[in-house]
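Here is the structure we will look at.
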Amino acid sequence: MNEDDLVTILNALTEPVFLVNSDRHITLANVAAEELFGGGLSGRNLVHAIRHPDVLDSVEEVLHGKARSEAVISMPGTVRTTYKVSVVRLEDNENVEGTAILGLHDISHVLEAEQMRSDFVANVSHELRSPLSALSGGIETLQGAARNDPEAQTRFLGIMEREAARMNRLIDDLLSLSSVEVNERVRPSQRIGLLTIVERAIAALETQAKAAKKPIRLEISDPECVVLGDEDELTQVFHNLIDNALKYSRENGEVTVSVEIRENVAGLAGPAVVIAVSDQGEGIAAEHIPRLTERFYRVDTSRSREKGGTGLGLAIVKHILNRHRGRLLIDSEKGVGSTFTVCLPLEAQDQKR
Ligand SMILES: Nc1ncnc2c1ncn2[C@@H]1O[C@H](COP(=O)(O)OP(=O)(O)OP(=O)(O)O)[C@@H](O)[C@H]1O
Ligand SMILES: [Mg+2]
């Protein structure tokens, strides 16, 4: 194989690769390496091309006889990228010091995933700790100060019951989130009528709506909306959205759920069923909107907690909709209200269940 072949092979690799000889000069660099460090790498002294001391140390080790060495470097840019640099020794008969081959592997995604996992564990622990400490506090009071005070006992047992229920809800939400995530790549295949699902979600929240004096109005423009979906998961989507509308809207405000078919929706190919849940609420400030579907993200944590919220509802909605190849759009105006719109690909009408 001649050098041209070698260059062609190296250029076919998407990861940056280059060779450094015993004079610490770059003898060969592929296109990906030149894109990363700038053109004209070949022939340059390594020290001038790459100013990362850890990489230079690894190259020295390898040129002094070590078989391989590794370093991690961060490249600043619009998005900070972290690379693992593998330096491997290539023996060279004419040259005792040999050649070092450097290969860069982008590990930013791995690091990001690790960070997300550890944030998630920290969040879950934090969320579990607050009801747990309320429970411990309650037990302590019942054993001590409230020992002979039936009124205080009733009050504390009530608080403890609420906190235990909150822990239960948190665990249920975490389990749904993980089961949806596991199946996210598998699109559900059951043909279902969406109207029934929406009606079921409204019926389940009727008592809550009455108690809050917030009527739920259903507006149907197209009754025949069939989608490919999972009934339980889609029920959960509308349950969560209507529950939010009831929880975060103005007193006596009305909640509207509208169902219609639209020929075009941005981001979806073909016609879609569009279900919009609107409230006359306090609305959400624009800076919060892009983050609402993050796990545990709440605009007002203490307010959401007080309403029994865990901040997982919209994260679950987003994952379920991804699995259904659908979209969630959020529109809100502070002081006016919010509309959460679910768009799902419409299934052909001719082959009903
Ligand atoms: N209709 C709405 N009007 C105003 N704010 C909303 C609305 N829906 C959601 N939010 C805001 O978004 C946050 C996240 O909502 P999400 O449903 O994910 O969590 P939650 O309601 O706090 O808890 P959970 O749904 O797990 O019980 C809420 O805490 C609230 O601040
Ligand atoms: Mg919610």
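The values are calculated or read from the model by the stated rules, or taken from the named source; none is laboratory data. Worth saying up front: this structure is predicted, and the values here are computed from it rather than measured. Heads up, the Cβs are rebuilt from the backbone with ideal geometry, glycines too, and the neighbour counts pull from every protein chain shown. When the accessible area is computed, the model is the full protein with side chains, heavy atoms only, and any ligands, DNA or RNA have been set aside. Shrake-Rupley method; radii C 1.70, N 1.55, O 1.52, S 1.80 Å.
Can you say what percent of the DSSP beta bridges in the chain, counting only those with both residues inside, are antiparallel? Round to 5.
Taking every DSSP beta bridge within the chain, about 90 percent pair in antiparallel fashion.
Protein chains only, probe 1.4 Å: how do Thr301, Thr141 rank by accessible area, largest first?
Most to least solvent-accessible, the answer reads Thr301, Thr141.
Going through the range 195-247, which GluC sites (Glu not before Pro) have at most 13 other Cβ atoms within 10 Å and a DSSP loop state?
Qualifying residues, ordered by number: Glu224.
Output the 0 to 90 degree angle, nearest 10, between the alpha-carbon long axis of helix 108-143 and the longest principal axis computed from the alpha carbons of the chain.
Approximately 40 degrees, to the nearest ten.
Hey, what's the range 195-353 come to in accessible area per residue, 1.4 Å probe, Å²?
47
Could you give the Stokes-Einstein D for the range 108-182 in µm² per second, using the C-alpha Kirkwood radius, 37 °C, 0.692 mPa s?
The diffusion coefficient I find is 226 µm²/s.
Charges only on Cβ, +1 for Lys and Arg, -1 for Asp and Glu: so what's the dipole of the range 108-182 about the Cα centre, in debye to the nearest 20?
Rounded to the nearest 20 debye, it is 260 debye.
Grab the beta carbon distance between Gln208 and Asp172, set R0 = 22 Å, and tell me the FRET efficiency rounded to 0.05.
0.80
How much of the accessible area of the chain, in percent, comes from carbon and sulfur atoms when a 1.4 Å probe is used?
51
Given the chain reduced to its alpha-carbon atoms as identical point scatterers, what log10 I(q)/I(0) does the Debye formula return at q = 0.07, 0.13 Å⁻¹?
Summing over Cα pairs of the chain leads to -0.53, -0.99.
Loop only per DSSP, at most 15 neighbouring Cβ atoms within 10 Å: give me the trypsin sites (Lys or Arg not before Pro) in the range 203-268, ordered by residue number.
Lys213, Arg250
Along the charge dipole of the range 3-106, Cβ charges K/R +1 and D/E -1, which of Ser74, Leu56, Gly98 sits furthest on the positive end?
Projecting each Cα onto the dipole axis, the largest value belongs to Ser74.
Need one word for the range 197-242: rounded, prolate or oblate. Basis is the Cα gyration tensor (sqrt eigenvalues a ≥ b ≥ c); a/c below 1.5 gives rounded, then a/b vs b/c decides.
The shape class here is oblate.
Keeping all protein chains in place and using 1.4 angstrom, which order do Arg24, Arg117 fall into by accessible surface area, from largest down?
Arg117, Arg24
For the range 1-50, with only Lys/Arg (+1) and Asp/Glu (-1) charged at the beta-carbon, what is the dipole magnitude about the Cα centre, in debye rounded to 20?
Dipole magnitude for the range 1-50 comes out near 240 debye.
Compute the angle between helix 3-12 and the longest alpha-carbon principal axis of the chain, please, reported from 0 to 90 degrees and rounded to the nearest 10.
Around 10 degrees separate the two axes.
Tell me the accessible surface of Met167 in square angstrom (1.4 angstrom probe, heavy atoms of protein chains only), to the nearest ten.
Using a 1.4 Å probe on the heavy atoms, I get roughly 40 Å².
Just grab the label-to-label distance for Leu90 and Leu132, each label 7 Å out from Cα along the Cβ direction, in nm (one decimal).
Using points 7 Å along Cα→Cβ, the separation is 5.5 nm.
In vacuo Debye scattering of the range 1-152, one point per C-alpha: log10 I(q)/I(0) at q = 0.13 Å⁻¹?
-0.68
Across the chain, how many lysine pairs, 8 or more apart or on two chains, come within less than 29 Å at their alpha-carbon atoms?
Number of lysine pairs found: 20.
Towards the positive end of the charge dipole of the chain, with charges on Cβ (+1 Lys, Arg; -1 Asp, Glu), say which of Phe37, Ser189, Gln280 has the farthest Cα.
Towards the positive end, the residue furthest out is Gln280.
Run the simple label-point estimate for Glu112 and Ala285 please: 7 Å along Cα→C-beta, distance reported in nm.
Spacing of the two 7 Å Cα→Cβ label points: 2.7 nm.
Helix-derived [θ] at 222 nm for the chain: sum -39500 (n - 2.57) over DSSP H runs of at least 4, divide by residue count, nearest 500?
-14000 deg cm²/dmol
Between Asp149 and Asn2, what is the label-to-label distance in nm when each label sits 7 Å out along the Cα-to-Cβ direction?
Taking the two extended label points, one gets 9.5 nm.
Count neighbours as other Cβ atoms within 10 Å of each site's Cβ, and list the chymotrypsin sites (Phe, Trp or Tyr not before Pro) in the range 270-353 that are DSSP loop with at most 14 such neighbours.
none
Using a 1.4 Å probe, what is the accessible area per residue for the range 108-182, in Å²?
Counting only protein heavy atoms, the per-residue value for the range 108-182 is 69 Å².
Which value, in debye to the nearest 20, gives the size of the charge dipole of the chain about its Cα centre, when Lys and Arg are +1 and Asp and Glu are -1 at the Cβ?
Roughly 1460 debye for the chain.
Running a GNM on the chain with Cα contacts under 10 Å, which residue among Val273, Val62, Val79 ends up with the highest mean-square fluctuation?
Val79
For the range 187-353, place one equal point scatterer on every Cα, skip the solvent, and apply the Debye formula. What is log10 of I(q)/I(0) at q = 0.08, 0.11, 0.12, 0.15 Å⁻¹?
-0.22, -0.42, -0.51, -0.80
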